[in-house]
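The values are calculated or read from the model by the stated rules, or taken from the named source; none is laboratory data. Note that the structure is a prediction, hence the values are computed from the model and not measured. Side chains are part of the model used for accessible areas, which takes the heavy atoms of the whole protein and leaves out ligands, DNA and RNA. Shrake-Rupley method; radii C 1.70, N 1.55, O 1.52, S 1.80 Å.
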Amino acid sequence: MPSIPFRSLAIACAVAIGGVAVVGCTTTRSDDKASATSSRASIDAQVDAALSKLYSSAKGSRELVASSSGVLVFPAVGGASWGVGAEYGRGALRVKGGTQAYYSTTAGSIGFQAGAQSKAVIYVFTNQAALDKFRNSKGWTAGADATVAAARFGANGSIDTNTLRQPVVGFVLTNVGLEAGVSISGAKISEIRL
């Protein structure tokens, strides 16, 4: 039996593995469409739950969302950090109660920090101009492309009237409840295809 040099054998194996990988990448699986439908349904269910939690946590929030031009909900923005932090989440834009598109949010931070957390982040577009600017962007950054006013509450626990006048109002919900006065600037938001 003739001996095959190791280098030739290695190259032949690499070509064979590469060929299989290319075929695997170009073949569309029949369950891709079902997976995308499942992802959309999962996000929509989580958005419904996050909005319900907002309505029970913030007096006047249901009315604010109902009268808004649109609401962007990220029901589970997960973050982890050890000196440098990163956050990621997926959500949906709702207009008149119906989902219009799906988005991702990413953010990073530097400083003394450690641990992991999850929160819901909700952006309410109180007027059509703010919503149009968001939808026409190719990537929107909270605080840079639009000022996002963190929801503030009056003595009676209702959303204060100054907050209601802002073009984009943000809410942050944790497992404990509503976080008041939290900065949500710096999050990069991009549309995703599911």
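Within region 155-177, if we keep just the residues that are open to solvent by less than 30 Å² (accessible area, probe 1.4 Å) and part of a loop (DSSP other than H, G, I, E, B), the residue that is modelled with the lowest pLDDT turns out to be G177.
If you check S8, S35, S56 for being modelled with pLDDT under 90, more than 18 Å from the chain's Cα centre (by Cα), more than 24 Å from S190 (Cα to Cα) and part of a helix (DSSP H, G or I), only one passes: S8.
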